[in-house]
Amino acid sequence: MSLEWLTDELTRLQGQNLLRRAKCVTQTSGALVEIDGRRLRDASSNDYLALSCHADVRKAAIDAIEQWGVGARASPLVSGFGPVHAELETELAAFEETNAALLFPTGFAANVGTLVALCRSGDVVYCDRLNHASLVDGCRHSGATLKVFRHDQLDRLEKSLSREASKGRRYIATDAVFSMDGDLAPLPELCKLAERFDATLIVDEAHGTGVFGATGRGACEHFQVDHRVPVRIGTLSKALGSLGGFVAGERPLIEFLRNHARTQMYSTALPAANCAAALASLRLLRDDPSLPSKLQTLSRRFRDRLEESGVSPAVGSTGPIVPIVLGDPDRTLAAAGRLDEAGWLVGAIRPPTVPRGTSRLRISLSLHLSDSDVDDLAEAVAAAIRST
């Protein structure tokens, strides 16, 4: 079959300002990136705690490369699992206050692998409408009956759970922090529903780990429900500044996934350098549990400055993800372009990542930025919006 239709599809996307192209970004420091020879301050990354460039994290990765080489050579169940992998799983379990944890090559792989392994034909999985694509794909490919709910309409989820009997198991899958809206899932209410209707709650803390909670364990800790969530998924590639995903839970869950999660079993293991870097970040967070609160303070300052400038972030958003909904893709790209001219790199998010009519600037703050940086950013955002 001819693939000429692909050109027509790309032309259609271009005409709607929805065509994406990768930018070649050269990082010059944590706060600065270089694109096409121009240096911009970065307000787009998920390196929330500024750990990816930390001296201890860099050194840990370099030392691991010198000892173990660059690649892991094989899958974890063959010969790719080494001492640094085992140490990281042990420390992740201790951090999450569970008795076991399992590493995956990416957070995406952790979500897909976990859902496909747990949810079977005859089961029902309830998936939030705004979940990350990896959770959605895991639900779709699991073989379970998929039901979609909205976390701002839990009464409908409750009716669905009470009305629809299932011969199999029931699961509720949700992001802890919704990556495009910056709001938190109503985890206490979801725990109550899961317990009432004998459903298993699966929570992805990708944007929660290191960001929320007294010790940085995420939104589950923030709401004090972490020990009521049996399947907690996280990532090493955001606040921890490395690469990889993990699942934390009781040992039977972890050993089941080690034997059934295909994205873990049949992928080459994480390189030792990434594990060592994540370990170093985890220890930095453990030794300085004030890091998440510093990030929250910076985020509140930025939001205050935006409000003073007459700009309102999306309702319900909190923390370092600051979405400003502009609606139209053309206007969103124009505003991002104005920010680029002002020396800032900011995400311009358009469909299908977000629903039609909700294109937005997605500002992502990190501890690479100072108080004066976020003041300047708020002023630049307000000026960019006024000019579009």
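Look through region 228-249, keep the residues that are in a strand (DSSP E or B) and of a type outside the set (Val, Ile, Thr), and return whichever of them is surrounded by the fewest Cβ atoms within 10 Å (Cβ to Cβ).
Keep residues of region 228-249 that are in a strand (DSSP E or B), which gives 231-235, 245-249.
Retained after the next criterion (residues that are of a type outside the set (Val, Ile, Thr)): 232, 234, 245-246, 248-249.
Numbers: 232: 27, 234: 31, 245: 28, 246: 27, 248: 28, 249: 23.
Selected residue: 249.
Go through (1) outside any loop (DSSP other than H, G, I, E, B); (2) within 12 Å of residue 363 (Cβ to Cβ); (3) more than 22 Å from the chain's Cα centre (by Cα) for residue 311 and report which single condition fails.
(1)
Name every residue in region 85-133 that is over 19 Å from the mean Cα position of the chain (by Cα) and either basic (Lys, Arg) or crowded, with 24+ Cβ neighbours inside 10 Å (or both), in order of residue number.
88, 119, 120, 125, 126
Being part of a helix (DSSP H, G or I), surrounded by 18 or more Cβ atoms within 10 Å (Cβ to Cβ) and over 19 Å from the mean Cα position of the chain (by Cα) is the filter here; which residues of region 134-161 pass it? Give the steps one after another, and end with the answer.
Of region 134-161, the ones part of a helix (DSSP H, G or I) are 134-141, 154-161.
So of that shortlist, the ones also surrounded by 18 or more Cβ atoms within 10 Å (Cβ to Cβ) come out as 134-136, 138-139, 157, 161.
Answer for region 134-161, where residues must be part of a helix (DSSP H, G or I), surrounded by 18 or more Cβ atoms within 10 Å (Cβ to Cβ) and over 19 Å from the mean Cα position of the chain (by Cα): 157, 161.
Within region 213-227, does at least one residue satisfy the condition of being of a type in the set (Val, Ile, Thr), surrounded by fewer than 21 Cβ atoms within 10 Å (Cβ to Cβ), in contact (Cβ under 8 Å) with a residue 12 or more places away in the chain and not in a strand (DSSP E or B)?
Within region 213-227, one or more residues are of a type in the set (Val, Ile, Thr), surrounded by fewer than 21 Cβ atoms within 10 Å (Cβ to Cβ), in contact (Cβ under 8 Å) with a residue 12 or more places away in the chain and not in a strand (DSSP E or B).
Kindly evaluate residue 175 against the criterion of being touching a Pro at 6+ places or on another chain (Cβ under 7 Å), within 20 Å of residue 316 (Cβ to Cβ) and buried (at least 22 other Cβ atoms within 10 Å of the Cβ).
Here the answer is no, as residue 175 does not meet what is asked.
Quick grid of which residues meet (1) at pLDDT below 95; (2) outside any helix (DSSP H, G or I); (3) within 22 Å of the chain's Cα centre (by Cα):
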residue: 296; (1), (2), (3): no, no, yes
residue: 325; (1), (2), (3): no, yes, yes
residue: 352; (1), (2), (3): yes, yes, yes
residue: 356; (1), (2), (3): yes, yes, yes
residue: 360; (1), (2), (3): no, yes, yes
residue: 373; (1), (2), (3): no, no, no
residue: 377; (1), (2), (3): no, no, no
residue: 383; (1), (2), (3): no, no, no
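Is one or more of the residues making up region 268-279 assigned to a helix (DSSP H, G or I) and within 30 Å of residue 120 (Cβ to Cβ)?
No, every residue in region 268-279 fails to be assigned to a helix (DSSP H, G or I) and within 30 Å of residue 120 (Cβ to Cβ).
In region 298-308, which residue that is among the hydrophobic types (A, V, I, L, M, F, W, C) and over 20 Å from the mean Cα position of the chain (by Cα) is nearest to residue 66 (Cα to Cα)? Before you say what the answer is, go through the steps one by one.
Going residue by residue through region 298-308, those that are among the hydrophobic types (A, V, I, L, M, F, W, C) are 298, 302, 306.
Next, from what is left, pick out any that are over 20 Å from the mean Cα position of the chain (by Cα): 302, 306.
Working: 302: 41, 306: 46 Å.
Per the stated criteria, the residue is 302.
Suppose we filter 103, 77, 130, 88 for residues that are in contact (Cβ under 8 Å) with a residue 24 or more places away in the chain, out of contact with any Pro (no Cβ under 7 Å at 6 or more places or on another chain) and part of a strand (DSSP E or B); which single one remains?
The unique qualifying residue is 103.
Quickly run through region 362-371 and pick out the residues that are over 22 Å from the mean Cα position of the chain (by Cα) and polar (S, T, N, Q).
370
Output the number of the condition that residue 274 fails; it satisfies all remaining conditions of (1) touching a helix residue (DSSP H, G or I) at 6+ places or on another chain (Cβ under 8 Å); (2) outside the structural domain of residue 102 (by TED's automatic domain parsing).
Status for residue 274: all satisfied but (2).
Does residue 281 fit the bill of being under 21 Å from residue 372 (Cβ atoms), polar (S, T, N, Q), modelled with pLDDT of 95 or more and buried (at least 20 other Cβ atoms within 10 Å of the Cβ)?
Judged against the criteria, residue 281 is not a match.
Could you please find all residues in region 1-40 being within 30 Å of residue 368 (Cβ to Cβ) and among the small types (Gly, Ala, Ser)?
22, 29, 30, 31, 37
Taking the criterion of being touching a residue at least 60 places away in the same chain (Cβ under 8 Å), over 24 Å from the mean Cα position of the chain (by Cα), farther than 30 Å from residue 342 by Cβ and outside any helix (DSSP H, G or I), would at least one residue in region 55-69 satisfy it?
yes
Return the residue satisfying two criteria in turn: it lies in region 327-350 and is in contact with a helix residue (DSSP H, G or I) (Cβ under 7 Å, 6 or more places away or on another chain) and outside any loop (DSSP other than H, G, I, E, B), and of such residues it is surrounded by the fewest Cβ atoms within 10 Å (Cβ to Cβ).
From region 327-350, those in contact with a helix residue (DSSP H, G or I) (Cβ under 7 Å, 6 or more places away or on another chain) are 335, 338-339, 342, 344, 346, 348, 350; that's our starting set.
Keeping just the survivors that are outside any loop (DSSP other than H, G, I, E, B) gives 335, 338-339, 344, 348.
Details: 335: 24, 338: 19, 339: 25, 344: 21, 348: 22.
Per the stated criteria, the residue is 338.
Mind checking whether some residue in region 13-26 is under 24 Å from residue 206 (Cα atoms), assigned to a loop (DSSP other than H, G, I, E, B) and either of a type in the set (S, T, N, Q) or touching a strand residue (DSSP E or B) at 6+ places or on another chain (Cβ under 9 Å) (or both)?
yes
The values are calculated or read from the model by the stated rules, or taken from the named source; none is laboratory data. Note that the structure is a prediction, hence the values are computed from the model and not measured. Counting neighbours? That spans all protein chains shown, and the Cβs are built from the backbone with ideal geometry, glycine included.
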